[in-house]
């Protein structure tokens, strides 16, 4: 699945309307440039592509007072909202070796109701355990990796990763059940984006007006 689409849609949705530099700053604020493919070029490309696909609505704003060109602001559409939640649900349920998929889902999970998140995490746990079972049909963890030569280290890594992932998922389920975090419909949501004009302590300086997208 496309992690960059999930992240960009999530950032635009939180703002209501956002320009490219705002989205870029938000994703850098989340650290997404470190654990995903959310680089500046891919962010601006995703915004333009999703506008063409009807997932975002592009608004041309007035030229800046500094004399720069008009800035494009994006707003999520109904189709974009459906796509966002479909990607979010998939990120929380699919057992995926790539950490960026789960990381993106965790960053957006509070946009869903608590009960649904618990259901999705339970589904993820079942998928993890099922995947582990398929590995152990060919590999017996108790006998150690040497049983298959050095290739056994691959399956040993897979089983250990599955066990770690399952243990972590159970812990998250317990925390969510116990009332951790504020989910959709429960009150004032956590604000995870920068306000317009707020300096990003982890990002790059804002470009000159003529460089804005």
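The values are calculated or read from the model by the stated rules, or taken from the named source; none is laboratory data. All figures in this text were calculated on a predicted structure; none of them were measured in a lab. Glycine gets a Cβ as well: all are built from the backbone with ideal geometry, and neighbour counts include every protein chain shown.
Applying the criterion of being buried (at least 24 other Cβ atoms within 10 Å of the Cβ) and outside any helix (DSSP H, G or I) to the residues of region 1-52, the residue that is modelled with the lowest pLDDT is 38.
Residue-wise test of (1) surrounded by fewer than 16 Cβ atoms within 10 Å (Cβ to Cβ); (2) over 13 Å from the mean Cα position of the chain (by Cα).
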| position | (1), (2) |
| --- | --- |
| 98 | yes, no |
| 101 | no, no |
| 105 | no, no |
| 111 | no, no |
| 132 | no, yes |
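Among the residues of region 11-31, just one is within 19 Å of residue 89 (Cβ to Cβ) and out of contact with any strand residue (DSSP E or B) (no Cβ under 9 Å at 6 or more places or on another chain), namely 14. Going by what's in this entry, would residue 67 be described as at pLDDT below 90 and touching a helix residue (DSSP H, G or I) at 6+ places or on another chain (Cβ under 8 Å)? It is true that residue 67 is at pLDDT below 90 and touching a helix residue (DSSP H, G or I) at 6+ places or on another chain (Cβ under 8 Å). Identify, from the list 183, 157, the residue that is out of contact with any strand residue (DSSP E or B) (no Cβ under 8 Å at 6 or more places or on another chain), in contact (Cβ under 8 Å) with a residue 12 or more places away in the chain and either within 12 Å of residue 114 (Cβ to Cβ) or part of a helix (DSSP H, G or I) (or both). Selected residue: 183, the only one of 183, 157 that is out of contact with any strand residue (DSSP E or B) (no Cβ under 8 Å at 6 or more places or on another chain), in contact (Cβ under 8 Å) with a residue 12 or more places away in the chain and either within 12 Å of residue 114 (Cβ to Cβ) or part of a helix (DSSP H, G or I) (or both). Only a single criterion out of (1) in a helix (DSSP H, G or I); (2) in contact with a helix residue (DSSP H, G or I) (Cβ under 8 Å, 6 or more places away or on another chain) is not satisfied by residue 126, namely (2). Any chance region 83-101 includes a residue that's modelled with pLDDT under 90 and touching a strand residue (DSSP E or B) at 6+ places or on another chain (Cβ under 7 Å)? Within region 83-101, not a single residue is modelled with pLDDT under 90 and touching a strand residue (DSSP E or B) at 6+ places or on another chain (Cβ under 7 Å).
Residue by residue, here is whether (1) touching a helix residue (DSSP H, G or I) at 6+ places or on another chain (Cβ under 7 Å); (2) without any contact (Cβ under 8 Å) to a residue 40 or more places away in the chain; (3) under 19 Å from residue 13 (Cα atoms) holds:
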site	(1), (2), (3)
56	yes, no, yes
59	no, no, yes
73	no, no, yes
93	yes, yes, no
116	no, yes, no
142	no, yes, no
